1. Could you tell me which numbered condition W528 fails, if it satisfies all but one of (1) aromatic (F, W, Y); (2) loosely packed, with under 14 Cβ neighbours inside 10 Å; (3) under 18 Å from the mean Cα position of the chain (by Cα)?
2. List pairs: first in region 349-360 and surrounded by 14 or more Cβ atoms within 10 Å (Cβ to Cβ), second β-branched (V, I, T), Cβ under 7 Å, 6+ apart or cross-chain?
3. Looking at (1) surrounded by 23 or more Cβ atoms within 10 Å (Cβ to Cβ); (2) of a type outside the set (G, A, S); (3) touching a residue at least 60 places away in the same chain (Cβ under 8 Å); (4) part of a loop (DSSP other than H, G, I, E, B), which is the only condition D333 fails?
4. Inside region 228-282, can you point out the residues that are in a helix (DSSP H, G or I), free of Cβ contacts under 8 Å to residues at least 60 places away in the same chain and within 19 Å of the chain's Cα centre (by Cα)?
5. What number of residues in region 430-475 are in a strand (DSSP E or B) and surrounded by fewer than 21 Cβ atoms within 10 Å (Cβ to Cβ)?
6. Here is a list of conditions, (1) at negative phi; (2) at pLDDT below 95; (3) in contact with a strand residue (DSSP E or B) (Cβ under 8 Å, 6 or more places away or on another chain), and D406 meets all of them except one; can you say which number that is?
7. Within region 1-52, how many residues are in contact with a helix residue (DSSP H, G or I) (Cβ under 8 Å, 6 or more places away or on another chain) and without any contact (Cβ under 8 Å) to a residue 40 or more places away in the chain?
8. Assess whether G388 counts as being surrounded by fewer than 20 Cβ atoms within 10 Å (Cβ to Cβ), small (G, A, S) and assigned to a loop (DSSP other than H, G, I, E, B).
Amino acid sequence: MHVRLVNLGPLTLKDFRLALTSVVQLTPRTNGRTKLVARISGWHELAPADGFELPPGAVWDLDPLVCGHRPAHANDGPASAYVVLADGSTRAVTLGVTDRAPSPRVGAEAPTALSLVERDGVAAAAWEAAATCERRVRPHDAVLLSSDGDPVSVAIAEGFAAEQYEIAEQDEQIHVRAGSRRAMQWALLALARHRRGELGVVDGRHEPRHGWRGLHVDLARQFVPAVDVEWLIEVAAWHRLNRLHLHLTDDEGWRVPVPGYPAMTDRGAWRAHRHGVPPLLGSGAEVTGGWYPSGSIARWVDRAAELGIDVVPEVDVPGHCFAALAALPELRDPDDASGAASVQHFVDNVLNPGVGATWPFLEAVFGELADRFPSPWLHVGGDEVPHGAWRRSPLAQQWAVGQGIDGADAIAAAFLRQVIAIVRSSTGRQIGVWQEAADSGALEPGDGYVVAWKSADDVRRLVSAGHHVVAAPAPWYYLDHAADGDWWSPGASWAGQASIGDIEQFDVTAGWSAGEQAALLGTQACLWTEHVHDLTTLRHLLLPRLTAIADAQWRRENRF
């Protein structure tokens, strides 16, 4: 990779450094023009040769930068940059490459409206909830109106399962019958999408293929404003989903308060130059980030409940904890010399079971999570513990001896088993994990639910082992991946690219027996945010591929 810095300012730069962030880790080839001063994951600080000066109008051509892995798209390159001057102050640098995607084009033709026949009871409440969702997701040309639309009658029907609904048009009126208010709302949203041309045939009886239909969004790597999380709840409902999994902590940021630990939001929620968490993934020298106060979380929970969605919060342990450790250095073993690097290049980013402060901290974390989110499930992560973690931590090794175990994998599994026990005993909630926690034995079959993300084969293998599995195979269901191989398409490509056509043709249960299909808990689309620097890019990556994933989770029987 070739990088050039042009001095457009009025001053000559002396004794300066160039800081930049990228998903790909970069290393200069050594020929004298560039020195790597510091690096944490994707944050780099580079300096020219001693005595180098950059006058106005001049350029500094850095030594070629060797990429840690082959870039697949333009957004794999530098996402932000700034200059650090000799006095320690910083100046922003404008990048010459952008990955901004255009907003989807809105059609001009107005759809035919619908109106509810009766205006009281459960039907009216379901109509209002669905109509509000429509206005927030599709603010132009509303279909679900209070009057002056084609008449719709809505009622609870005996003999229907809670998630079943039926739509029929008779006597110039549309009749909706459903097993619950939640199913009523799904039927009304399906009608609205049909009138807009976003959904095909809607008459007949409909029911979901599986009980879990989810969307996962990473709020840790990029801070998504609370109001945009509210929009994501509406988007999930619009697509008849019933789970929203919020990834609230990771190496790059901590987004929830913890009583008794103010540093988690004072320091762990923010990135900046010379901060505990450096600029990463497109952030600059200035302080950026944020966290979600209880009022914002309460609004999410209330609105999601109104729309029939369970919000599943995740705090990811024991790995992916760089931000937590930066905020609370007392959680580290000061003599740990393991040097274990995660796949995202964070070194020793694991909580330590041998540090006494770890356990009251985790009790406070999951206690607060349970207080804020009434979900039946708390997700505890358990993924991507770096190879060799804790191997040279005296405190962790002492703890392992007490447990009668040895090795990073065994420590990770035993650590997570204790976390699960704490969550169960102190909150009474059910447990969710990523598949590594099941593979390690930290979560026994049937003892919680597992998000299987690495491959479709892993989904089937974990189901066959007796686990309650949510399928999220990355090659198809990771929406942060680019839709094609074009250099300018935003997104990642480490698991390939998935177009909407690829997703429409994919069925994770293809070739499964009826028993295997019945054992699958459900499916979940995942949006990680390494490349999501604004709401426009989020929308571009999310839609319409989420639509294809969500609609495939329903089956229809034509009964007329």
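1. The failed condition is (2).
2. V350/V385; L351/V317; L351/T358; N352/T358; P353/I411
3. Failed condition: (1).
4. Across region 228-282, the qualifying residue is only L232.
5. Summing the residues that are in a strand (DSSP E or B) and surrounded by fewer than 21 Cβ atoms within 10 Å (Cβ to Cβ) in region 430-475 gives 1.
6. Condition (3) is where D406 drops out.
7. The qualifying residues number 0.
8. yes
The values are calculated or read from the model by the stated rules, or taken from the named source; none is laboratory data. Model, not experiment: these values are computed from the prediction. Neighbour counts run over all protein chains shown; Cβ positions are idealised from the backbone, glycine included.
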